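Engineer: Got a structure for you, written out below as structure tokens; questions coming shortly.
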Amino acid sequence: MKATRLYDEGSLVHLSRPDADTLAEVGRLRIIAWEASGPRPKMAPKVGDAWIDSHDDHAHHWIVMEEGRIVAAARMCVHP
């Protein structure tokens, strides 16, 4: 069962450790966004509806919610 998220609609929310459900939703949005502008990049998974990779574990994530779903997402990785 998906947990209820209490974020203000339309606000930018910083997530330092997103839960698995949120990360899966972000991964699905990545695929939708890439496929809307052309084929998936070579580094994206060839099959499946979500793109999650090893960078998600240490990245900072930001999301924007509308009507209970993620409509925008970004991440930033800092590599030493």
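The values are calculated or read from the model by the stated rules, or taken from the named source; none is laboratory data. Treat the numbers as computed from the prediction; the structure is a model and nothing was measured. Here Cβ is always computed from backbone atoms with ideal geometry, including for glycine, and neighbour counts include all displayed protein chains. These accessible areas exclude ligands, DNA and RNA; they are computed on the full protein's heavy atoms, side chains included. Shrake-Rupley method; radii C 1.70, N 1.55, O 1.52, S 1.80 Å.
Engineer: Any residue in the range 6-16 that is out of contact with any helix residue (DSSP H, G or I) (no Cβ under 6 Å at 6 or more places or on another chain), in a strand (DSSP E or B) and surrounded by fewer than 12 Cβ atoms within 10 Å (Cβ to Cβ)?
Structural biologist: Residues of the range 6-16 out of contact with any helix residue (DSSP H, G or I) (no Cβ under 6 Å at 6 or more places or on another chain): 6-16.
After this cut, where a residue has to be in a strand (DSSP E or B) as well, the list is 12-15.
Checking the rest, the ones that are also surrounded by fewer than 12 Cβ atoms within 10 Å (Cβ to Cβ) come to 14.
For the range 6-16, residues out of contact with any helix residue (DSSP H, G or I) (no Cβ under 6 Å at 6 or more places or on another chain), in a strand (DSSP E or B) and surrounded by fewer than 12 Cβ atoms within 10 Å (Cβ to Cβ): present.
Engineer: Could you list, in sequence order, all residues of the range 17-48 that are in contact (Cβ under 8 Å) with a residue 24 or more places away in the chain and of a type outside the set (Val, Ile, Thr)?
Structural biologist: Within the range 17-48, the subset in contact (Cβ under 8 Å) with a residue 24 or more places away in the chain is 18, 22-27, 29-30.
Residues satisfying the conditions are PRO18, LEU23, ALA24, GLU25, GLY27, LEU29, ARG30.
Engineer: Among the listed residues ALA24, ALA20, identify the single one that is open to solvent by 50 Å² or more (accessible area, probe 1.4 Å) and within 19 Å of ILE70 (Cα to Cα). Before the answer, list the steps.
Structural biologist: Details: ALA24 fails: open to solvent by 50 Å² or more (accessible area, probe 1.4 Å).
Selected residue: ALA20, the only one of ALA24, ALA20 that is open to solvent by 50 Å² or more (accessible area, probe 1.4 Å) and within 19 Å of ILE70 (Cα to Cα).
Engineer: Also, quick follow-up: Could you look through the range 49-67, keep only residues that are touching a residue at least 24 places away in the same chain (Cβ under 8 Å) and more than 16 Å from LEU15 (Cβ to Cβ), and pick out the one that is farthest from the chain's Cα centre (by Cα)?
Structural biologist: Going through the range 49-67, the residues touching a residue at least 24 places away in the same chain (Cβ under 8 Å) turn out to be 50-52, 56, 60-67.
Among the residues that remain, those that are also more than 16 Å from LEU15 (Cβ to Cβ) are: 50-51, 66-67.
Numbers: ALA50: 9, TRP51: 8, GLU66: 14, GLU67: 16 Å.
Only one residue fits best here, namely GLU67.
Engineer: A further question on this structure: Filter the range 34-80 for residues that are open to solvent by less than 60 Å² (accessible area, probe 1.4 Å), among the small types (Gly, Ala, Ser) and on the phi < 0 side of the Ramachandran plot and give the result.
Structural biologist: If the condition is that a residue be open to solvent by less than 60 Å² (accessible area, probe 1.4 Å), among the small types (Gly, Ala, Ser) and on the phi < 0 side of the Ramachandran plot, then ALA44, ALA50, ALA59, ALA72, ALA73, ALA74 are the ones that fit.
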